[in-house]
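Visitor: Shown below is the structure under consideration.
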Amino acid sequence: MKKLIGDERRTKLINWLKASSQPLTGTELANKANVSRQVIVQDISLLKAKDEPILATSNGYIYLEKTNTNNNFQQVFACNHTREQTKEELYTIVDHGVTVKDVIIEHPIYGDLKAAVMVSSRAEVDQFLNKVKSTNAPYLLELTNGVHLHTVEADTKEKIDAAHNALKELDIIIE
């Protein structure tokens with residue numbers, strides 16, 4: 001297999017990400033380009049620096065189109081719960097047909113910290129939670145005593161409202 005070089009490789013990375021309906025891991029991209037995973041990580045950083053809308057998620061990299069042509073509805077949920085309630089929170093949201101795009105906390109030193117979550121199904125939630133567990137990474141909510149925000153998205157406002165109400169019943173929503 002031919003090793004791809006510099007700009008040619010980065011152009012291919014963008015094309016592979018655009019063509020994929022699922023996140024692609026650094027290892028998958030490295031195998032396609034016949035380079036190390038570290039080279040891919042550096043390439044992704046260079047592409048992001050050039051304003052390419054690439055998002056790193058727990059399941060791999062995705063390419064976000066610069067314009068939202070899908071006419072989906074978005075809302076931000078303010079939440080408060082323990083680490084142990086994370087699975088219940090995420091399941092509740094995705095069970096209503098809503099995608100959890102990110103988590104945001106307000107850090108006392110760094111201000112707003114935002115991380116991609118990008119889960120739309122219980123299987124994706126399980127993958128996300130397993131990754132957190134296997135890496136022994138803390139949840140961002142642990143830095144703020146459980147308080148955090150989620151940007152959520154769905155094809156109807158009713159789905160978002162239903163997820164919001166379900167979280168409210170679980171005493172997870174802050175109002």
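Visitor: Would you tally the residues in the stretch 56-85 being under 14 Å from the mean Cα position of the chain (by Cα) and at pLDDT below 85?
Guide: 5
Visitor: Here is a further query. Could you tell me how many of the residues in the stretch 143-175 are surrounded by 14 or more Cβ atoms within 10 Å (Cβ to Cβ) and assigned to a helix (DSSP H, G or I)?
Guide: Final tally of qualifying residues: 9.
Visitor: For the stretch 92-120, which positions are assigned to a strand (DSSP E or B) and either acidic (D, E) or more than 19 Å from N145 (Cβ to Cβ) (or both)?
Guide: Correct list: T99, V100, K101, D102, E106, D112, A116, V117, M118, V119.
Visitor: Follow-up. If I filter the stretch 26-40 down to residues being surrounded by 15 or more Cβ atoms within 10 Å (Cβ to Cβ) and of a type outside the set (D, E, K, R), which single residue comes out as nearest to M118 (Cα to Cα)?
Guide: G26
The values are calculated or read from the model by the stated rules, or taken from the named source; none is laboratory data. Note that this is a predicted model, so its numbers are computed, not measured. Cβ atoms come from the backbone with ideal geometry, glycine included; neighbour counts cover every protein chain shown.
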